[in-house]
Every structure is written in C-alpha cells, then in structure tokens.
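Just so it is clear, none of the values below were taken in a lab; they were calculated from the coordinates. Source: prediction; values computed, not measured. A quick note on method: Cβ atoms are made from the backbone with ideal geometry, for glycine too, and the neighbour counts reach across all protein chains shown.
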Amino acid sequence: MFRSSSATTTTTGFYTFLTQGLDDLFRSFHSHHFMSINFLQHVLSCLQSFHSQLIAVVQKLHLPVGEKWLDEYMDESSRLWDVCHVIKSGITNMENYYSSALTIASMLDNHHFLNPQVSRQVLRAINGCQRERVGLEEENRGLIRNRIQPLMMKFDKNVLIESKFNGFNGFRGVLFALRNTNSLLLMILLSGLVYNSPVTSFSSSSSNGNGNGNGSMNYSESKTVFGSGFMVSASRLYEKVMENEDGQNGVLLYEFWNARSAIDELKTEVERIRGTGIEYDVSERVEKVKSCFVGLQCGVENMIVQLDDFFDEIVEARKKLSDLCTHS
C-alpha cells in the first residue's frame, strides 16, 4: 500500500498518486496469473490506498461547511461499501464448495488405493461437491444481477476536460477521479471473485472507447481527457484486463479454476478405476485436490479479512469528514 506525503495531499499530487498506483498495478498484472488471489489482493489494496489518500486531500482543501461536497463523498463511499459487501458475499459462498472438496481429500487419506466399492462412495461425494460449485455460481450470478446491475457501474474512458471538475477547490475533480478508478477496480474484483457476466464484463463495455473502431484506447489521443496521466494508466489497465478476459463468464478467480480442474481430474480417475475392478493408487490426485482447495480457502479467508479492514476504514473516514464539517 502506498504512503501519503505532504506532496500528495494536493489535487495535482492526488492525480499523480493514482497514476503511480495504477501503473504499479499494471506491472503486477504481468507478474501474477490472470485473476489470481495475489493480484486481486493488490487491486483491493489500491482501492484502500486511493480512498485513504482522498481523505488526506480533503483535509487540506478547506472545504465549505454545509456544502454538497460531503454528500457527494458520502454517496461514493456508500457505493464502495455496497459493492464490497457483494464481493464479500460472493467469496463467502465458496466456503461450502472448498469444505466439501477438503472433506473428500481427508476421506481419501485413508484410501490411497481405491477399489470399485470405495470408488462409488467417492463419486457420490465428488458429485455433491460439483453441485456445490454450480450452486455457488448460480447464487453469485444472482448477486450481480440483483445488487450490482442497478448501480450501472461502468468505467468511463472518454471524459473531456470540464470546468465543473474545479468545483469545491478541485474536490469535484479528485472525487470523479476516485469514482472512475473505483469503478474499474471494483469491476475487476467482481469479475474475479463473484461472477463475470455482461454486467461486469470488460468486453461488453468496450463501446466506451474513443472510437478507433475496436474499442481500444488510443493513448496518444487520451492526453486530452480529464486527469491525463491517471486516465491513460487506468485505460491501459482496462484494456489489458479486457484482452485477457476474452468474454469468459463465471467466476474468473485463478485458484477457483485450478481447484475445479483438480476435482474434475480426480472424478475422471475414479470413474476409470470403478470400471476396471482393480485397485489403483490415487494419492497424487488427492494431494493435488488438497493443495488446490487449501490454496483457495486461504485466499478467500485472507480476502475477507482485507475487506473487513476496508469496511472499518470507510466508517472511520465518513466520521472524520463529518466531524471536519462540524468542527469547521
């Protein structure tokens, strides 16, 4: 997470801070698997640091008491709160899935050599685990449809310089920059951790591009858009995620797909054994299942802790700015 300094508590410094953070996130994208827990934790860390930096800037702007600026911040922080709670609900829904898979792995610790009779029991357990996966994906798709779609959350890649962003000593500009960046980062988190569908898909919103025919951003032209550097960096990250997403639906989390493949491979192996009437050693498959699902479990639990920390930060920031108005 980035550190604040006196230089970054100006509006210009805030845009520089966003730009550096987004550039760092872009580099992080290349050093991790697509939609891996490590990358998504970095995305969430950026959300936290950008929000924290906005609060530091606001405290230096000497904003008028009783003006609309506080309402505008409260609206955005409420949106952050709501979307992050959807993300938490979505990953919490994975608990039954990884628990059932780890139960299967524990059961097979005592049956490395499978015979046809044990194979039938294991297959029933695997089928139950796969039903858990289908159920969680359906529930997460409903979360996106019912709780995210009404927010109409899109990243705006083509914003011209407008005088309205100078309102409230430049506060309106930094809040727009934060809101637009938040939209991009929240779309990434929702696609990776909850469910990627046309509502959150980067491909479906590529029409926001500036008209070069394929929805991609022309970085030399984008110098004219509001916020300049941060918009170029945000658009570059947007394009890279869209390129890798490639219109996929479902939970895009890398560890989720690894775990899904591991349980599918175990099922294929057990079905083969059941048809032979001979005992086979499946310890290697079982270890892979255990490793993948423990990794998924640890990642989910760490992400929940990080989200809970962010909720505390939002509550504290809302109180801090409300108190700032009262004391002023």
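Here are the numbers:
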quantity	calculated
Restraint check, LYS240/LYS267; LYS60/LYS240; LYS88/LYS320; LYS240/LYS288; LYS88/LYS267, Cα-Cα greater than 32 Å	LYS240/LYS267; LYS60/LYS240
Distance between region 304-328 and region 45-96 - C-alpha centres, whole angstrom	8 Å
5 angstrom amide H check on SER36, placed H, neighbours 5+ away	TYR254
Region 303-317 - phi-based ³J(HN,Hα) in whole Hz, Karplus 6.51/-1.76/1.60, Gly and Pro as x	5, 5, 4, 5, 5, 4, 4, 5, 4, 4, 5, 5, 4, 5, 5
Sorted by Cβ neighbour density within 10 Å, fewest at the top, the residues ASP23, ASP312	ASP312, ASP23
Amide hydrogen neighbours beyond the local backbone of TYR280, cut-off 5 Å, H modeled	LEU114
Filtered GluC sites (Glu not before Pro), region 65-96: DSSP coil and at most 13 other beta carbons within 10 Å	GLU67
Diffusion constant of region 36-157 at 10 °C, which comes from Stokes-Einstein with the Kirkwood Cα-pair radius and 1.306 mPa s, µm²/s	85 µm²/s
Anchor LYS290: aspartates and glutamates whose Cα lies under 12 Å away (excluding residues fewer than 8 positions away in-chain)	ASP109
Packing rank of 46-59, 178-191, 272-285, 134-147, where each peptide gets the mean count of other beta carbons within 10 Å, highest leading	178-191, 46-59, 134-147, 272-285
Dimensionless Rg over Rh [region 7-88; C-alpha; Kirkwood]	1.04
Farthest positive-ward along region 49-130 dipole, Cα basis, beta-carbon charges - from ILE87, THR103, PHE113	PHE113
